[in-house]
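Asker: This is the structure, below, for whatever I ask next.
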Amino acid sequence: MSAAAAPKMLARSGAFDLDAVRAQFPILGTTAHGRPLVYLDSAASAQKPRAVIEALTHFYEHDYANIHRGVYELSQRASALHDAARRKVQHFLGAADWREIVFVRNATEAVNLVAQSFLAPRLGPGDEILVTEMEHHANIVPWQLVAARCGAKVVAAPITDAGELDLAALAERLGPRTRMLGVVWVSNVLGTVNPVEEVVALARRRGVPVLVDAAQAVQHFPVDVRALGADFLVFSAHKIYGPSGVGVLWGRLEHLAAMPPWQGGGDMIERVAFEGTTFAEPPFRFEAGTPDIAGIHALGVALDWLQALGLEAVAAHEASILAQAEAALAEIPGLRVLGAPRKRTSLLSFTLDGVHAQDLGTLLDLEGIAVRTGHHCAMPLHARLGIPASARASFAAYTSPAEIEALARALQRIATRWR
Ligand code: PMP
């Protein structure tokens, strides 16, 4: 989006012009089963504004070459755009140094990188990795893989019945054998916004490094890694209006500088010889092979787009959509929303008495309404809640009150007809 378009978007309601925002998302004008698409699965992946779609095309048409290799002008231009994208991510996160930004494929890969390169060398038999009961599998399984290799184990801090972290219990679980804490900022099932600043402070007082999973956070409110004080933070471009195939790892420079490579190949070396190889400085040490060059550039454009729109304005809009959804779903007989956290953002998961989540998803789909159903990659959390599956409606900058009304009407019909 051009910088000039931003003020127009903000003009109409004084803060946020929803129609102007929606008009920038071509997919919102399409249909599903002959009905206007009602896309309520943004927590799984956000749709893309025209600025991002066009940035990809423009890049391939005008600026594309491999990066950091060519002396020729085109490669240098592609490299400059790539470097600029890294600085955009740095500033977006408030990171102290561009070298703290590592490009990977997604949030999941970022956690795997930290587990294998940072944690595995520090892990011994009997050690523990602490996570919470509300983690996505991406913040559980990578730790389990290294734990199994090292004779360590992954343990979970409990949540309350309201779907919040139990900070006292978490503090208790931070024991002398805890070598790492992985904590999600926003639960992708409960929508709970965790007090991560407090959790980070708690862990760091005991010398336990912390990885924050910000996959459901960065698109909803401003994040400042320096204020947060964590050791690592991860997110995926595709959930923040960028393309799929790109993820970000932020790590403290002193950690990254001390971590060994986790994958070998081109671009991550200083000098290669059969007698031995030396490695590049971070972040390049962790970026073996050709990255998603166009995708990384488009992530930078997505961040520009979101910042021009204003994260505060987006947060205010999403808060009003969430409040509307909470009120509307409370009217549906037999519908139970999972959790009741004091601080929640942008999504609601629920069950409907007598209707399996999968069937609920299919019935909503027939009305053009896309929601996620299943365990949402959080099986331990569903086990804790005592249910096999749930349905989830999730919201973004482009979600409209009319879409929430459509969801509520459809649920009302299903609740009366199918139960
Ligand atoms: N953490 C959370 C909280 C998520 O919601 C997701 C995506 N559902 C991930 C991690 C993993 O993201 P990705 O699949 O893009 O790696």
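Asker: Restricting attention to region 318-348, report how many residues are open to solvent by 50 Å² or more (accessible area, probe 1.4 Å) and under 20 Å from the mean Cα position of the chain (by Cα).
Answerer: 2
Asker: Which one of ALA328, ALA319, ALA323 is in a helix (DSSP H, G or I) and touching a residue at least 60 places away in the same chain (Cβ under 8 Å)?
Answerer: ALA328
Asker: Out of everything in region 159-192 that is without any contact (Cβ under 8 Å) to a residue 60 or more places away in the chain and in a loop (DSSP other than H, G, I, E, B), what residue ends up being surrounded by the fewest Cβ atoms within 10 Å (Cβ to Cβ)?
Answerer: PRO176
Asker: Considering each residue of region 109-122, count those that are open to solvent by 20 Å² or more (accessible area, probe 1.4 Å) and more than 16 Å from the ligand (Cβ to nearest atom), and give that number.
Answerer: Residues that pass the stated criteria total 2.
Asker: Then there is this: Could you tell me which numbered condition MET134 fails, if it satisfies all but one of (1) within 16 Å of the ligand (Cβ to nearest atom); (2) more than 17 Å from the chain's Cα centre (by Cα); (3) in a loop (DSSP other than H, G, I, E, B)?
Answerer: For MET134, the exception is condition (2).
Asker: Further, regarding this structure: Report whether or not GLY229 is open to solvent by 10 Å² or more (accessible area, probe 1.4 Å), within 16 Å of the ligand (Cβ to nearest atom) and on the phi > 0 side of the Ramachandran plot.
Answerer: In short, no.
Asker: Any chance region 333-356 includes a residue that's farther than 24 Å from TRP185 by Cα, more than 16 Å from the ligand (Cβ to nearest atom) and in a helix (DSSP H, G or I)?
Answerer: For region 333-356, residues farther than 24 Å from TRP185 by Cα, more than 16 Å from the ligand (Cβ to nearest atom) and in a helix (DSSP H, G or I): absent.
Asker: Please identify the pairs in which a residue from region 38-64 that is in the same structural domain as HIS376 (by TED's automatic domain parsing) has its Cβ atom under 6 Å from the Cβ atom of a residue that is away from the ligand (no atom under 16 Å from the Cβ) and charged (D, E, K, R), counting only partners at least 6 apart or on another chain.
Answerer: Filtered contacts from region 38-64: VAL38/GLU403.
Asker: Taking the criterion of being open to solvent by less than 50 Å² (accessible area, probe 1.4 Å), under 17 Å from the mean Cα position of the chain (by Cα) and within 16 Å of the ligand (Cβ to nearest atom), would at least one residue in region 79-93 satisfy it?
Answerer: Yes, region 79-93 contains a residue that is open to solvent by less than 50 Å² (accessible area, probe 1.4 Å), under 17 Å from the mean Cα position of the chain (by Cα) and within 16 Å of the ligand (Cβ to nearest atom).
The values are calculated or read from the model by the stated rules, or taken from the named source; none is laboratory data. Here the structure is a predicted model, which means the values were calculated and not measured. Glycine gets a Cβ as well: all are built from the backbone with ideal geometry, and neighbour counts include every protein chain shown. With ligands, DNA and RNA removed, areas are computed over all heavy atoms of the protein, side chains included. Shrake-Rupley method; radii C 1.70, N 1.55, O 1.52, S 1.80 Å.
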